[in-house]
Each structure stands twice: as structure tokens, then as C-alpha cells.
Amino acid sequence: MKNLISDLHIHCGLKGYASEGHPDYKDHTIWDFYPAQEAALKKLNPVLRMAIKELAKSSQANLDACAAANLRAPFLAIYPVERQMFALEPQKPFKTLFDILLGGKQHAYLGAAVSGFPIEKVEAILAEVANDKDEGVNYYHQFRMERDYLLRQTETRSKHFPDFQFTIASHHNEFRELLEAGKTISGVFTVEGAHSFGHYLHNSTFKKTFDGLSPKERQVLENSFRRNITEVKTEDDGRHAPFFVTFCHHFNNLLAGHARSFSAKSDLALGLHKPGMRHLFNQEPGLNHGFSSLGREVLELFLDRKAGRRILIDTKHMSVAARKEFYAVIRRKRKEENDPIPIIHSHAAINGWFTLDQAKGKAETKDLDKGHFFSRWQINLTNEDILEMYDSDGIIGVVLHEGRMPGEGFKKAAGKLKKKVDKARAGSPRRARLEQELKDLYLKLIWSNIFHIVKVVRENRPGNHRPANGWKMIALGSDYDGLVDPMDSFPEVTNFQDLKSEMIAYLEGGKEICFAQNGVAVALPSAEVSELMFGQTAEEILDGILFGNTDRFLSKYFTEAYLGMETGEAEEDSESDIAVAA
């Protein structure tokens, strides 16, 4: 298993799927690199270019890159792109400015630049969004098309790694067998957004609550979720059902409230902000709500093994209110129904608040993160979240997202370093030193998020004759190719082996690691860092995070016995110590 990498949340196929059939990419497959839409970027006006400056625009996670990095276990997040990503609604204080700037074809250029989709694809989506008939969208059709694209891609081969093959595993035994065969990328299906199974009758439906729908809107939406989820759970015995579904995403799905995920840019003078993603998209409908009655029904249907293969739930993007209600459901099932259900949070960062109620009481503005190392927004994990996941035998994927993980203090320090790097002469010792300094800043942030999780578990849960160990619940969940702002020192999956080596060197070098004390970064004493390692070497810890912990989780929960039986408990925990071909 040495140097093997898994990724709990990654979008390897999104750009390829969006470009399929386009004449410029007729010879491209999921293996190939898709460049940024430079023509669209060049035609954007400067203000819009600034608003999306930090987003990754070319491929980060095509399968050639995965093969080069030995990332052979990607959890392939299928994402029918939400209409609201293209139906822009500029927000104050830049509403008037953006209304002017988005005139003509600027809207289409922006969509292509952000998503990496060909301009023709974006224009077709915009035509659907802007139709005068207020026609909605059947996301399930889009889900099936993207899933079928991924299945077709298993027949393709890489031009650069011709001995490699790409497969989709339907259970853990198959997953292991495929990896043991060597030179195989063994994907696992997941879905980002439960909206993927719904038919929303009108574009205006997204502005409403479920209780506020017309009788026809309500009937269409209810029936579509019941029919489509049942179909995917039972079709071919659920062989191609997703292992888990990220229940919420960026926008209103009328099932459960989402957390705010888009932010402004850094401050200008006099307290003004630069325009950023928060000012382009309207996340207000459904923001911070709890579950609707339909959402509760859909949740039960995903988990119900009588209705077909169980689909687990990923809590990323859920609002605080939705998370609290979901945790109560999971505790009840575990304690009263003897039904253990692991809580997944596939691409996470911590905020350091002790409780969900504390996080809920904080206004998500840039002032909340001003001067801070960690981002303290509600979308990130509180200590209460971490303990709920530990109690459920869940798993947390650590996200590599510079827009979501750090606070403004970190961003300011990183920004200054980036400017110094850019000014330093290429190949000079000064530039090399500055680049390593920037790397170390990112490594400190990643390790601090990880050690915070372990510290919270150790201090708040009893162990058997020794403190509770949270290491086995931590994995990688990069979110690469998911329209993210990556860490500059590790912008693509091809950097992941370097990331591993650098993380080992950082930990072995005794460099500073922090935890969050009620949202504020505090340095961990070196003696406590050693205690929190639980006798493991840095390399052993990274082997677990990058593959072993995910494999252990799959060995318990990605099985026919657990997912397919009407009742029953997960298989006995195993360390899965079978040798895997590198």
C-alpha cells in the first residue's frame, strides 16, 4: 500500500463530460488534460477576471494526472451543475456594477471561464435558464448522463499510460481486487447534491420553500425523488448506485438548508470589499434552513435497505440546523434501532468553535475571519461535528481549498509571500527559500486542521485503557476539479506525492502546529504533538490519511452485507493488510 492515494471527494470526469462531443475535444477522454478556456478569459472584463482570479480553471484531476500521482482510488463525485451557478443574481453592494458588467456575452464568457466548459455548452445552459416559459430542470437526466459518461470511459485508455485501465468498483472486495491487479484506477461513485434526483418544474421553484410550492410543483418534485432514488438503488441490484450523496450543495434544493460557501475577496480601503464569488451568486433561498418534510422522506429513502441498496449521507454543505437534525436521526438509529450509520464529511476544514450553536450565532462576513488563521464559518466543522462523526465511526476528508480552510490572517500572510515569490528571480536561492516558506505555511494549515481533529477526540471521548484515537477517521478529500481555489504549492493531483513528502518532513522537523481554541489558533507544545501521534511515525500517519483509513472504512461499509441487507451490522473491523501493487 506504500504511496497509494485515495481521494474521498474529487471531480475527475466533470470537465471531460462537459466537453464530450465538442469538435475541439473529439479525441479527448477522461484521461486527458483540459486547458483553461483562455478565449473566454481574455474576453472577460477586468472586474470579472478579478472576481474569479484564484479559481482553478484547467484540469487538476484528469486520470493521467491521477496515474502519475498514484492516486488510484478516486471517489468520483457526479455533479449535475446547479442552475443557479449560471442564473447569476449579483448581490449588494456590487449588484448594479455586475448587472452592467454581465451584459452581452460576458455572462457566457464568465460561465466558461469558471467551469472550464466550452462556450457553446455554457450558452446552451444559459438559454435554458433564461427561457421565458420558466421551464425548470430534471437533474436526474443530467445525473444519468454524467454517470453513463464515466461508465463509457472505462473502455478508454490513456495515451501516456497505455498499460493503465480505469474501472468502477461496486463493493470493497472488487475495489481491492482491482487495486491489487496493479496499474488500475478503481473509482467509487458518489454524488454531490441530492438535487441530482429531483425534477424541479420551474426555475422559479428554486426561490421557494417546499411548503410554498404549488400543488403541481410539489407533486412533480415528490414523485421524481421517490421514483429516481428507488431506481438507482435497485437497478442492477444497485451496482452503480453512489456509495454516498452529499445531501446539500451551494443552493436551495428544497430538501435541507445549505451553509454559505461563497465569500467576498480581501478588503479594499475604507472597509470596502473587492467583488468576489459571494457577490455573483445568490445563496439566500434555503440558506441555513433545516430539513423540509420532503427532505426527511428523501433522507430515509437513501438509508432504507428495504427499498434497495443503502446510500450513505455526506454532511458537507449542510447548514448547522440541518446537521443538528441529521445527527439526531443517526443517534436514534444507532441506539434505538441497532442500525450503525457512519457520518461522512467528504471535504472538510475545521472552524474551531466548540458547538454548533456557537457557530450558528456568528455572522459570516470577512470580519469573522479577520486576522485569524482558521476560517470560522459555519460550513466548517465544529468540535461537536467532529465528535458526532467519531461516535458514528464516520470519516472526514481534509479539503485542499484555499478559499475555505484558512482565515483572513493566513490569507494575508500567504498573499505577501506570493508577491515576494513572484518578484524573486526564477532559479535563485532567494526564490527557492520563499517558495519553501510558502509551502510550510500551507503545511502548517493542513497539519493544524488534522491535529485539531485528533486533539478534540482525545480530550472528549474515553478510550479503552488509553485516550481515544481519532486518526482512523481522517482521509483526503481534495475537491480538485470541483471549481476550487487550490493551495498554490500543491495545485494539482500530480503534486500529491510531493505533498506527502513535504508533510512528513514538516512533522519530523518539529515545525509549528496549531489547534483552534474556540476559533482562535493556539500553538501546540511539541510534547503534546508527540502524544497526539499515538506512537506512529509521520509516514505511518500519512499512509493512513492518504489510503489506509479510507480502505478500512470501505472494508466495513462498502460491502454487500452492510449496504444490501435489510438488517445487520457492519462487518468486523479489519486493518485490510493485503499487499497492494503500487
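The values are calculated or read from the model by the stated rules, or taken from the named source; none is laboratory data. Keep in mind it's a predicted model, so treat the numbers as computed, not measured. Cβ: placed from backbone, ideal geometry, glycine included. Neighbour counts: every protein chain shown.
Listed values, structure above:
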read-out: Unique match (being free of Cβ contacts under 8 Å to residues at least 60 places away in the same chain and surrounded by fewer than 17 Cβ atoms within 10 Å (Cβ to Cβ)) among K57, K42; value: K42
read-out: In region 505-526, the residues that are assigned to a strand (DSSP E or B), surrounded by 15 or more Cβ atoms within 10 Å (Cβ to Cβ) and not small (G, A, S); value: C514, F515, V520
read-out: Single residue of region 191-215 satisfying the filter (farther than 21 Å from D304 by Cβ and assigned to a helix (DSSP H, G or I)) that is farthest from the chain's Cα centre (by Cα); value: P215
read-out: S224 assigned to a helix (DSSP H, G or I) and not basic (K, R); value: yes
read-out: Positions within region 422-445 being touching a helix residue (DSSP H, G or I) at 6+ places or on another chain (Cβ under 7 Å) and outside any loop (DSSP other than H, G, I, E, B), in sequence order; value: R431, L434, E435, E437, L438, K439, D440, L441, L443, L445
read-out: Subset tally (residues that are outside any loop (DSSP other than H, G, I, E, B) and of a type in the set (A, V, I, L, M, F, W, C)) for region 33-58; value: 7
read-out: Qualifying helices (runs of 4 or more DSSP H) (wholly inside region 63-158; at least 1 residues being modelled with pLDDT of 95 or more); value: 63-69, 139-153
read-out: Residue that is modelled with the lowest pLDDT, among those in region 401-422 that are out of contact with any Leu (no Cβ under 9 Å at 6 or more places or on another chain) and among the basic types (K, R); value: R404
read-out: Qualifying position, being basic (K, R), over 26 Å from the mean Cα position of the chain (by Cα) and either within 14 Å of R144 (Cα to Cα) or not in a loop (DSSP other than H, G, I, E, B) (or both), among R176, R218; value: R218
read-out: Filter pass, T190 being touching a helix residue (DSSP H, G or I) at 6+ places or on another chain (Cβ under 7 Å), closer than 20 Å to F558 by Cβ and of a type in the set (S, T, N, Q); value: no
read-out: Residue check for A241: in a loop (DSSP other than H, G, I, E, B), of a type outside the set (D, E, K, R), at pLDDT 95 or above and touching a helix residue (DSSP H, G or I) at 6+ places or on another chain (Cβ under 7 Å); value: yes
read-out: Selection count, region 394-424, where residues are surrounded by fewer than 19 Cβ atoms within 10 Å (Cβ to Cβ) and among the acidic types (D, E); value: 1
read-out: Candidates V457, V484, V529 - the one that is among the β-branched types (V, I, T), touching a residue at least 24 places away in the same chain (Cβ under 8 Å) and assigned to a loop (DSSP other than H, G, I, E, B); value: V484
read-out: Strands (runs of 3 or more DSSP E) wholly inside region 304-415 that include at least 1 residues being under 26 Å from A77 (Cα atoms), of a type in the set (D, E, K, R) and within 21 Å of the chain's Cα centre (by Cα); value: 312-314
read-out: Criterion (touching a helix residue (DSSP H, G or I) at 6+ places or on another chain (Cβ under 7 Å) and either within 21 Å of G257 (Cα to Cα) or among the β-branched types (V, I, T) (or both)) met by exactly one of G371, G361, G290; value: G290
read-out: Contacts under 7 angstrom Cβ, first residue in region 490-507 being more than 24 Å from L55 (Cα to Cα), partner surrounded by fewer than 19 Cβ atoms within 10 Å (Cβ to Cβ), 6 or more apart; value: I504/A538; I504/E539; Y506/D440; L507/A538
read-out: Pair list, Cβ < 9 Å and 6+ apart or interchain, from region 120-136 residues that are more than 12 Å from H107 (Cα to Cα) to residues that are assigned to a loop (DSSP other than H, G, I, E, B) and of a type in the set (D, E); value: E128/E135
read-out: Pick from region 193-207, criterion in contact with a Gly (Cβ under 9 Å, 6 or more places away or on another chain) and either at pLDDT below 95 or not polar (S, T, N, Q) (or both), ranking: surrounded by the most Cβ atoms within 10 Å (Cβ to Cβ); value: A194
read-out: Residue satisfying all of: in region 149-192; of a type in the set (S, T, Y), under 16 Å from P242 (Cβ atoms) and out of contact with any strand residue (DSSP E or B) (no Cβ under 7 Å at 6 or more places or on another chain); surrounded by the fewest Cβ atoms within 10 Å (Cβ to Cβ) among these; value: Y149
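Table: residues versus (1) among the basic types (K, R); (2) surrounded by fewer than 17 Cβ atoms within 10 Å (Cβ to Cβ); (3) in contact with a helix residue (DSSP H, G or I) (Cβ under 9 Å, 6 or more places away or on another chain); (4) touching a residue at least 60 places away in the same chain (Cβ under 8 Å).
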position	(1), (2), (3), (4)
L301	no, no, yes, yes
K306	yes, yes, no, yes
L312	no, no, yes, yes
T315	no, no, yes, yes
A322	no, no, yes, yes
A328	no, yes, no, no
K335	yes, yes, no, no
N338	no, yes, no, yes
P342	no, no, yes, yes
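This table checks each residue for (1) in a helix (DSSP H, G or I); (2) within 30 Å of S375 (Cα to Cα); (3) of a type in the set (F, W, Y).
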{"site": "Q536", "(1), (2), (3)": "no, yes, no"}
{"site": "E539", "(1), (2), (3)": "yes, yes, no"}
{"site": "T550", "(1), (2), (3)": "yes, yes, no"}
{"site": "F553", "(1), (2), (3)": "yes, yes, yes"}
{"site": "L563", "(1), (2), (3)": "yes, no, no"}
